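One structure below.
The values are calculated or read from the model by the stated rules, or taken from the named source; none is laboratory data. Because the structure is predicted, anything quoted here is derived from the model rather than measured. Cβ coordinates were reconstructed from backbone atoms using ideal geometry, including for glycine residues, and neighbour counts include every protein chain displayed.
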Amino acid sequence: MRRPHRAPQPVLKQGPRTNRDIRVPRVQLVDADGSNRGILTTEDAVLLAEEQGLDLVEVAPNSDPPVCKILDYGRFKFQTQKKAAEARKKQKTFEVKEIKMRPNIDSHDYEVKMKAVRKFFDGGDKVKVTLRFRGREMAHQNLGMELLNKVRDDTSEFAKVEAEPKLEGRQMVMVLAPVQR
């Protein structure tokens with residue numbers, strides 16, 4: 001059985017409207033060297049742009065009348081993509097790393113965990129310290145709080161507490177973030 005023929009979907013254009021896509025009767029025109037040419041009909045503005053071998057680009061569509069500029073659209077698109085890529089590169093991304101402990105952790109195990117925490121902070125990541133209680137350990141939550149306070153004190157010179165220790169079911173959680181230098 002054959003499927004019925006469908007008309008192709010119209011391609012939605014990304015970015016600002018250009019040249020003949022601008023459908024308003026009048027526009028505020030800024031020419032290629034940045035000087036204001038005043039309010040013109042859209043047709044006249046397009047003809048001026050074509051005379052110069054450039055494009056008419058709508059730069060402020062929400063103003064009344066819309067502001068259009070005469071420029072090289074290909075170059076304009078390239079520069080906006082370049083700016084966006086530069087902004088993405090400068091954006092700081094970080095992960096939340098998790099360290100799991102128990103309330104009766106041995107001192108050597110604690111030191112190993114603290115080395116890992118230090119390494120995570122040096123990498124610019126946040127650290128979520130999770131303290132898991134089992135069985136009767138729930139009766140001694142004060143030991144867990146003391147341990148998390150010790151972690152906070154040991155990391156105070158290079159980290160700040162982002163989320164204070166709180167009990168979530170059978171575990172106590174605290175989030176630490178690196179201090180910006």
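Here are the numbers for the structure shown:
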| read-out | value |
| --- | --- |
| For ASP153: the one exception among (1) under 16 Å from PHE121 (Cβ atoms); (2) in contact with a strand residue (DSSP E or B) (Cβ under 7 Å, 6 or more places away or on another chain); (3) without any contact (Cβ under 8 Å) to a residue 12 or more places away in the chain | (2) |
| Residue list for the stretch 148-181, restricted to those being touching a Pro at 6+ places or on another chain (Cβ under 6 Å) and closer than 14 Å to LYS100 by Cα | LEU148, MET172, MET174 |
| All strands (runs of 3 or more DSSP E) inside the stretch 1-111 with 1 or more residues being at positive phi, in contact with a helix residue (DSSP H, G or I) (Cβ under 9 Å, 6 or more places away or on another chain) and in contact (Cβ under 8 Å) with a residue 12 or more places away in the chain | none |
| From the options GLU157, GLU168, GLU162, residue that is among the charged types (D, E, K, R) and surrounded by 12 or more Cβ atoms within 10 Å (Cβ to Cβ) | GLU162 |
| Single residue of the stretch 6-32 satisfying the filter (modelled with pLDDT under 75 and not hydrophobic (A, V, I, L, M, F, W, C)) that is farthest from the chain's Cα centre (by Cα) | PRO8 |
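One line per residue, one yes/no per condition, for (1) over 23 Å from the mean Cα position of the chain (by Cα); (2) farther than 18 Å from ASP31 by Cβ:
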| residue | (1), (2) |
| --- | --- |
| THR42 | yes, no |
| ASP55 | yes, no |
| LYS77 | no, yes |
| GLN81 | no, yes |
| ILE105 | yes, yes |
| MET114 | yes, yes |
